[in-house]
2 protein chains.
Amino acid sequence: MDKKITSMKEDYSQWYLDIIDAADLSENSSVRGCMVIKPYGYAIWEKMQKALDGMFKETGVQNAYFPLFIPLSFLNKEAEHVEGFAKECAVVTHHRLEKGADGKLKPAGELEEPLVVRPTSETIIYDTFSKWVNSYRDLPLLINQWANIVRWELRTRPFLRTMEFLWQEGHTAHATKKEADEKTLQMIGVYKKFCEEYMAMPVIDGMKTETEKFAGAEYTTCIEALMQDGKALQAGTSHMLGQNFAKAFEVKFLDDKSETQYVWQTSWGVSTRLIGALIMSHSDDKGLVLPPKLAPIEVVMVPIWANEEEKTQVMDQAENIIKSVKEKLDITIKLDSRDLRPGARFYEWEKKGVPIRIEIGPKDIAKNVVQFVRRDSGEKFTVEISEVLEKVSQTLDDIQSSLLQKSQKFLNDNITEIDSWDKFKKVIEEKGGFLSAHWCGDGKCEEKIKEETKATIACVPFDQKKEKGKCILCGKESKGRVLFAKSY
Amino acid sequence: MDKKITSMKEDYSQWYLDIIDAADLSENSSVRGCMVIKPYGYAIWEKMQKALDGMFKETGVQNAYFPLFIPLSFLNKEAEHVEGFAKECAVVTHHRLEKGADGKLKPAGELEEPLVVRPTSETIIYDTFSKWVNSYRDLPLLINQWANIVRWELRTRPFLRTMEFLWQEGHTAHATKKEADEKTLQMIGVYKKFCEEYMAMPVIDGMKTETEKFAGAEYTTCIEALMQDGKALQAGTSHMLGQNFAKAFEVKFLDDKSETQYVWQTSWGVSTRLIGALIMSHSDDKGLVLPPKLAPIEVVMVPIWANEEEKTQVMDQAENIIKSVKEKLDITIKLDSRDLRPGARFYEWEKKGVPIRIEIGPKDIAKNVVQFVRRDSGEKFTVEISEVLEKVSQTLDDIQSSLLQKSQKFLNDNITEIDSWDKFKKVIEEKGGFLSAHWCGDGKCEEKIKEETKATIACVPFDQKKEKGKCILCGKESKGRVLFAKSY
């Protein structure tokens with residue numbers, strides 16, 4: 001149980017797995033590539049869901065639920081889309097089990113048309129939208145679904161890439177291209193805000209290249225974060241689907257001149273992958289570090305005593321403080337009064353990334369104080385008991401903003417402008433991070449760069465500097481810099 | 001769109017479907033047996049989830065998430081369990097799609113071991129529990145999952161019986177039989193409380209017979225509600241699983257004497273079926289009727305005007321009231337100022353079961369009043385603008401308790417004590433409801449009664465009168481009355 005956490009420097013991949021284990025976030029299940037999200041990991045997801053759901057609803061989005069299964073023929077209706085997902089689909093072909101001659105259970109009752117377990121729901125949702133949309137008065141249609149998704153991935157890593165994962169997928173339909181363009185940007189903006197304000201994780205927003213865009217989209221916008229090992233992570237995407245799916249699924253409406261038009265659509269999603277991003281943004285060799293806004297437990301109180309008399313006294317005071325915190329602050333405070341040595345208790349909550357630890361012992365009580373320890377900085381300081389409430393609020397706010405600042409600095413320090421191919425190869429190999437370099441716009445150069453360096457174009461940033469230059473690989477003319485990185 | 005709602009008396013089944021349609025709760029999808037839960041229906045589910053989730057957490061339960069897929073071999077480990085579910089399983093046999101010679105997509109990449117889409121998760125969860133439980137210190141283990149479930153049902157009805165549905169499934173492990181017995185009862189009690197306090201739907205709690213219990217359980221407790229057509233509906237179940245699954249999945253622990261023991265387990269669940277039960281508890285020929293605690297919109301404000309000047313005046317006052325309601329009360333109030341005649345607007349919110357409609361017109365403003373209309377009783381009354389806040393709270397409380405009282409009376413009036421077989425057949429055919437009759441305890445009598453009358457034993461109520469009598473069918477000795485009914 002108390003396995004040592006591998007240090008980041010020694011082996012970042014193993015460190016990541018060790019953190020998940022140490023903080024009790026998830027574990028592999030007996031089904032290849034599927035994870036079990038354990039209670040502490042799921043509690044982080046619940047906090048993420050609550051915040052995001054509120055943000056979506058503020059923009060007028062409503063939740064609904066659509067079938068898990070997609071008829072095979074539906075996937076086939078949008079050519080690029082099926083191309084993108086056919087290679088990794090779970091396919092249901094039978095609807096019962098029967099004992100065979102050998103006494104073993106076997107699939108029976110073959111379906112006339114196989115069903116695909118949704119890898120994403122554009123097709124099944126837009127089939128429904130075609131019934132919901134008749135007139136321009138039915139638009140815009142703004143729908144979101146919280147659901148599980150299956151993509152048959154061969155190489156999986158907990159939270160980052162699993163066969164089944166949890167996500168939300170937003171799907172909207174609009175009367176005009178302009179509105180759909182705006183909605184695409186609005187939602188990637190919501191994600192950016194969530195990452196910064198809740199996850200304390202700065203991101204770069206931009207466009208995916210043609211090669212990297214969603215299968216079936218006109219264009220894909222994305223937010224890209226930088227992990228501590230210098231690799232980029234796509235944290236969310238928002239797609240402008242144009243009229244591709246509208247034409248495939250006959251999502252049409254009568255406009256105000258009574259003419260039939262196809263709708264313009266968007267889709268956008270974030271997933272439990274964000275938990276992976278959160279781990280790799282802030283955690284350290286001692287364990288998980290959580291921003292207070294997403295911490296299932298914001299404060300842990302650890303009373304310390306040497307004998308029964310002291311215990312009674314210390315517990316009384318600890319319980320008083322907890323009571324007043326619960327009354328006044330909308331946070332979760334946990335009392336850990338287990339009969340374990342203090343060090344063992346400190347260590348457990350450190351591993352789990354609880355933002356503030358409050359220690360209280362007989363000497364503290366004599367002075368009417370407690371000791372605060374910040375998980376992010378390790379800083380320890382004394383707080384008057386009368387000031388605990390105020391200091392808890394203030395320290396949580398401070399941890400939240402410190403984590404964002406620290407991550408922002410790390411991001412800024414790891415965007416390197418590169419103007420020569422030799423330097424490109426050297427920096428991507430030795431330093432990593434985002435390489436801001438000129439690119440001619442040709443997919444062939446993009447592909448070659450990937451082959452030689454494993455770097456892909458994370459995004460063409462929205463705030464791209466409009467400067468002329470020469471493609472880092474082929475030397476042809478370029479209109480601006482894009483961000484290359486090795487990516488998760 | 002404005003299809004007339006079939007009256008309950010004319011055709012209850014069609015009435016049910018018409019209500020779902022009129023209130024915009026769900027619709028059939030293109031996948032046989034799977035429904036789309038529309039935003040208004042899903043909003044009811046969200047309210048149910050929030051209340052139940054809070055009640056579970058108060059008992060110490062934590063949420064987690066387990067894989068959608070179950071290896072075929074797992075299902076096979078508990079003999080009764082697989083027997084119960086093998087006939088209705090969606091089976092995944094392939095993991096990609098390939099174009100065949102005819103250019104059509106076909107399943108490819110056959111799996112070595114087929115995967116079953118979870119019909120319930122005992123097996124996959126207890127496989128995990130076997131890793132989580134080592135010592136008596138790890139117990140009790142109290143886990144819940146919110147998830148989608150697939151059972152390949154041939155005859156489906158929206159919410160009541162669909163191929164895919166949403167539910168929660170609680171799974172617990174305990175050191176002793178006593179604790180597991182208590183947890184089984186505690187959770188059926190939580191469901192009963194939820195049905196009464198939130199759904200305003202009284203239920204009878206009791207035990208399922210051997211024939212009706214969950215496949216793999218020692219015994220099943222249940223809550224049974226009575227729908228307006230006199231048919232019973234099983235609203236929730238809580239199973240004491242004994243050590244059946246513990247032995248099949250090796251869920252063992254060292255007790256405080258360092259001896260190895262199998263855990264004792266429970267599982268319990270409620271599903272989107274509750275929405276069907278809610279509809280059939282309170283709704284009428286005008287549309288849906290919702291208890292305020294589960295209404296997505298508690299109050300709708302409908303301003304009425306004849307010209308632009310009046311509109312400005314009326315809208316000002318309406319918006320003032322809405323602002324103060326939003327500030328002071330934790331409810332959703334909707335303004336419907338669409339340019340439609342008042343009747344059309346009234347009708348729409350009536351169909352959707354919004355508990356209170358507030359009408360405000362120029363004459364009301366002149367008198368500083370508004371008109372309240374209750375959805376449950378149709379009662380209309382005048383309220384001073386200064387008293388709107390108080391009256392909204394009070395009326396919502398009153399509607400909530402009136403609905404429960406009305407349903408309680410209906411339930412009481414429809415439990416008939418029966419002591420002769422002829423009367424049994426007559427009452428089940430003509431009146432329906434619960435028939436309280438003696439039963440010898442023999443499954444063969446139970447089966448025969450079902451064959452002849454379609455009535456099954458809804459439950460052996462916990463508050464069963466301990467009186468001796470004679471079995472309603474065979475005349476052999478019985479120790480008490482059980483409740484028969486035709487059931488959904």
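Of note:
- Exposure proxy order (Cβ contacts within 10 Å, fewest to most) of A:HIS94, B:HIS81: A:HIS94, B:HIS81
- Other-copy label distances relative to B:LYS106, 7 angstrom Cα-Cβ extension, nm: 1.9
- Counting only DSSP beta bridges whose two residues both lie in region A:360-488, roughly 80 percent are antiparallel.
- Region B:10-114: relative contact order in percent, alpha carbon pairs under 8 Å with at least 6 residues between: 13 percent
- FRET efficiency, B:GLU467 to B:TYR12 (Cβ-Cβ, R0 41 Å, nearest 0.05): 0.75
- For the pair B:ASN28 and B:THR382 in one chain, pulling the backbone fully straight at 0.36 nm per residue adds 123.3 nm over the alpha carbon distance.
- Region B:57-81-region B:212-284 distance, computed between alpha-carbon centres (Å): 13 Å
- CD proxy at 222 nm, helix term only [per DSSP H run n ≥ 4: -39500 (n - 2.57); per residue of chain B; nearest 500]: -11000 deg cm²/dmol
- Each copy carries B:GLU417; placing its label point 7 Å along the C-beta direction from Cα gives inter-copy distances of 9.3 nm, listed from smallest up.
- Cα extents of the protein assembly as shown along the three principal axes, largest first (Å): 96, 82, 73
- Each Cα pair under 8 Å and six or more residues apart adds its separation to the average, and for chain B the resulting relative contact order is 13 percent.
- Inter-copy label distances at A:GLU309 (7 Å, Cα→Cβ; nm, one decimal): 8.7
- Distant alpha-carbon pairs in chain B (separation over 39 angstrom), percent: 34 percent
- Placing R0 at 41 angstrom, the Cβ-Cβ distance between A:ALA79 and A:GLU58 gives a FRET efficiency of 0.70 after rounding to 0.05.
- Least to most buried among B:CYS440, A:CYS459 (fewest other Cβ within 10 Å first): B:CYS440, A:CYS459
- The H on the amide N of B:SER26, modeled in the peptide plane, is under 5 Å from the matching H of B:LYS38, each at least 5 residues off or on a different chain.
- Sorted by Cβ neighbour density within 10 Å, fewest at the top, the residues A:ARG118, A:ARG273: A:ARG273, A:ARG118
- Base-10 log of normalised Debye intensity for region A:323-430 (one unit scatterer per alpha-carbon) at q = 0.14 Å⁻¹: -0.68
- Relative contact order of region B:141-260, defined on C-alpha pairs under 8 angstrom at six or more residues apart (%): 17 percent
Laboratory data are not the source of any read-out in this text; all were calculated from the coordinates shown. Note that the coordinates shown come from a computational prediction; the quantities given were computed from them, not determined experimentally. Neighbour counts are summed over all protein chains in view; Cβ atoms, including those assigned to glycine, are modelled from backbone coordinates with ideal geometry.
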